[in-house]
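The values are calculated or read from the model by the stated rules, or taken from the named source; none is laboratory data. Owing to the predicted nature of the structure, the values given are computational and were not obtained by experimental measurement. Cβ sites come from the backbone with ideal geometry, for glycine too, and all protein chains shown count toward neighbours. What goes into the accessible areas is simple: the full protein's heavy atoms, side chains included, and nothing from ligands, DNA or RNA. Shrake-Rupley method; radii C 1.70, N 1.55, O 1.52, S 1.80 Å.
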Amino acid sequence: MLVKKFVRDSLHFSQKDRLGILLVLSAIAACYLFSYFTPQAAASLTVEPGSELARVLDTLKKRQESSQKRFSPVSSPFRQQPDFTEGELFAFDPNTLDEAGWKRLGLSERLAKTIGRYQSKGGRFHRPEDLLRIWGFPKAFFERIKPYIRLPRQEKTMTQRLVAGQGSGRESLAPVNVNEADSGALIALPGIGSRLAARIITFRDRLGGFYAVGQIAETFGLADSVFQKIRPLLRVEGPLRKININAASKEELKNHPYIRWKGANAIVEYRNQHGAFKDGDELMNITVLDEATIKKLLPYLEF
């Protein structure tokens, strides 16, 4: 009786127990079925040569290789290029050598452009070592080209010859008559490059010549520091080209830097209404011309 009671008590399951056992058995069955229907290893894919799938896979492979090559450190477009290479060696003057010449020597395009900008602003090289003042100029490249640098210090033009301190070890340049000087004479002045020389000559021709040294400072792009340095070397001599204010057309008048279009139009309108100008005082009646401009303009006018 005791054994039957023990078995009955031990093997008796309540409704909740039976439900739990059923859920456990269901989970075991689901796991078994999942493993049965799921392959353990992917079957190897066989691709027939020349098929559409083969062409797609080949295209993807080429794109991947191209992408890896594009962004690799060796071929990256952002990799810093060398500042110079072993170019051709030849004798040269750094003040006249153009960008193509620097690249021919082996200098990088970036530095060649930097030198060009320096020269366009009036920069000059007076000693070979002055090249090292250019930001980033390679010292190794300088040592390579130094024996080929030619700076004509003794081969001087008339405006460069010694006129004072001869025999005393001191050099000074001969004064330059800016009204007659060509671009070569102006370039010989410290701080004046080819571009500034051309601007001075253009301004001089439009004015009709300079009557005062201070006018040269009005040249576009001429820094005051450069003008003050060359001022003792400048002279203005010779006749001016004058304008007949009573006969000149608007087109002739407007080309003068001190008159321009508004002034030319006002001068002609005043002349048409009041007749010919008798003297410079009448110009004070033209409101677009201030007193300072009229004072600068009078040496170029004839009545």
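Annotations for the structure displayed:
- Matching residues in region 244-254 - criterion: being within 41 Å of the chain's Cα centre (by Cα) and surrounded by 17 or more Cβ atoms within 10 Å (Cβ to Cβ): Leu253, Lys254
- Checking Leu233 against (1) touching a strand residue (DSSP E or B) at 6+ places or on another chain (Cβ under 8 Å); (2) among the aliphatic types (A, V, I, L, M); (3) over 30 Å from Ile115 (Cβ atoms), the condition it does not meet: (3)
- Selection count where residues are open to solvent by less than 10 Å² (accessible area, probe 1.4 Å) and either modelled with pLDDT of 95 or more or among the aliphatic types (A, V, I, L, M) (or both), scope region 188-207: 6
- Check on Arg241, touching a Gly at 6+ places or on another chain (Cβ under 6 Å), touching a residue at least 12 places away in the same chain (Cβ under 8 Å) and surrounded by fewer than 14 Cβ atoms within 10 Å (Cβ to Cβ): yes
- Qualifying residues in region 79-105 (those that are under 25 Å from Ala223 (Cα atoms) and of a type outside the set (A, V, I, L, M)) - the one least open to solvent (accessible area, probe 1.4 Å): Pro94
- For the residues Ser76, Ser108, the requirement of being at pLDDT 85 or above, over 28 Å from Ile200 (Cβ atoms) and open to solvent by less than 80 Å² (accessible area, probe 1.4 Å) singles out Ser108.
- Region 215-237 residues that are at positive phi, paired with ones that are part of a helix (DSSP H, G or I) and open to solvent by 30 Å² or more (accessible area, probe 1.4 Å) (beta carbon under 8 Å, 6 or more apart): Gly221/Arg195; Gly221/Arg199
- Lone qualifier among Glu180, Glu155 - being of a type outside the set (Phe, Trp, Tyr), modelled with pLDDT under 90 and either open to solvent by 90 Å² or more (accessible area, probe 1.4 Å) or not in a loop (DSSP other than H, G, I, E, B) (or both): Glu155
- Output for region 268-293, where each listed residue is farther than 17 Å from Glu252 by Cα and either among the β-branched types (Val, Ile, Thr) or in contact (Cβ under 8 Å) with a residue 40 or more places away in the chain (or both): Ile286, Thr287, Val288, Thr293
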